[in-house]
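Below is one structure; the comments refer to it alone.
Only the coordinates and a few stated rules stand behind these numbers; no lab work does. Fair warning: this is a prediction, and the values are worked out from it, not measured in the lab. When we count neighbours, we look across all protein chains shown, and the Cβ atoms used for this are built from the backbone with ideal geometry, even at glycine.
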Amino acid sequence: MGRIKSFIHKLSADIKSLGNKDIDFIQMRLLVSNITPEFEQSIKQKVSQGILKTEIREANMEDIDSLIKLHDLAWHSAPMPYRPLDKENIVKMLKDENVIFLIAKIDGKDSGFALIYFTGTDRKISVIAGLGILPELQRKGLGTMLGLASWDYFKKKGVKELRCKVYKDNKTSYNFIRGLKFEEYDEDFVQWKLFSR
Ligand SMILES: CC(C)(COP(=O)(O)OP(=O)(O)OC[C@H]1O[C@@H](n2cnc3c(N)ncnc32)[C@H](O)[C@@H]1OP(=O)(O)O)[C@@H](O)C(=O)NCCC(=O)NCCS
């Protein structure tokens with residue numbers, strides 16, 4: 001009886017997760033414990049050889065226009081559905097203690113952003129809900145630098161697991177995320193909490 005009950009329970013959970021599943025996206029995750037010092041060092045070394053001198057900061061209310069622009073330009077450079085990020089939404093997110101925006105600045109110009117939120121029991125899971133680099137500055141290591149800055153941030157906050165979703169046709173993004181050691185997984189599909197209204 002117990003086995004039948006647990007089978008039915010699993011079946012209903014599977015059906016529910018299938019209903020939630022967005023088949024156009026690949027779900028990826030990385031356990032923070034898999035970011036070994038050696039791996040982090042090798043990534044740092046790789047980007048330090050680049051030419052970009054980058055400052056990364058946490059965004060505030062003064063950065064709203066910059067975030068809208070960065071998001072718009074980065075998103076239109078990639079094959080994925082466009083989800084506009086408007087002022088009202090950004091203000092809401094900046095006021096939410098579970099959400100952070102990081103901005104990367106190069107030569108005095110905002111050039112990339114990462115949008116992250118904390119979830120799960122005790123905020124132990126972080127979701128990278130958006131990451132974008134100005135088209136003319138892509139493939140120069142800036143996305144990786146933002147990834148590294150996010151890792152530092154996550155570690156300080158005691159996060160155990162990072163998650164994200166990659167649009168199936170966005171091969172660049174998939175390669176990028178795989179390069180940061182994220183792996184595909186299937187259960188408990190991440191919902192787009194921030195962009196959907
Ligand atoms: C995806 C994105 C954030 C990557 O940032 P980036 O600064 O261009 O990436 P990096 O220079 O740090 O590249 C790191 C690695 O990612 C992979 N990568 C990056 N761009 C790539 C491309 N055009 N083609 C294939 N692989 C690519 C490579 O493995 C690269 O390492 P390598 O240069 O040593 O081969 C950037 O391309 C972007 O903003 N795209 C549009 C928005 C988007 O797709 N966001 C979704 C992110 S989850």
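Once you've got the Cα coordinates, tell me which of Lys92/Lys181; Lys92/Lys165; Lys105/Lys155; Lys95/Lys181 are over 28 Å apart.
Violating the 28 Å Cα-Cα cut-off are Lys92/Lys181; Lys95/Lys181.
Rank-order 56-64, 176-184 by packing density, defined as the average count of other C-beta atoms within 10 Å over each peptide's residues, highest first.
176-184, 56-64
If packing is taken as the average number of other Cβ atoms within 10 Å across a peptide's residues, how do 77-83, 36-42 rank, most packed first?
77-83, 36-42
Mind jotting down the three principal axis lengths of region 90-177 based on Cα atoms? Whole angstrom, largest first.
Result for region 90-177: principal-axis Cα extents of 39, 31, 23 Å.
Arranged from highest to lowest average of other beta-carbon atoms within 10 Å per residue, in what order do the peptides 149-156, 127-134 appear?
By packing density, highest mean first, the sequence is 127-134, 149-156.
Taking a quarter of the surface of the Cα convex hull of region 24-184, what do you get in nm²? Don't jump to the answer; show the numbers that get you there.
On the way: hull surface 36.1 nm².
Mean projected area of the Cα convex hull: 9.0 nm².
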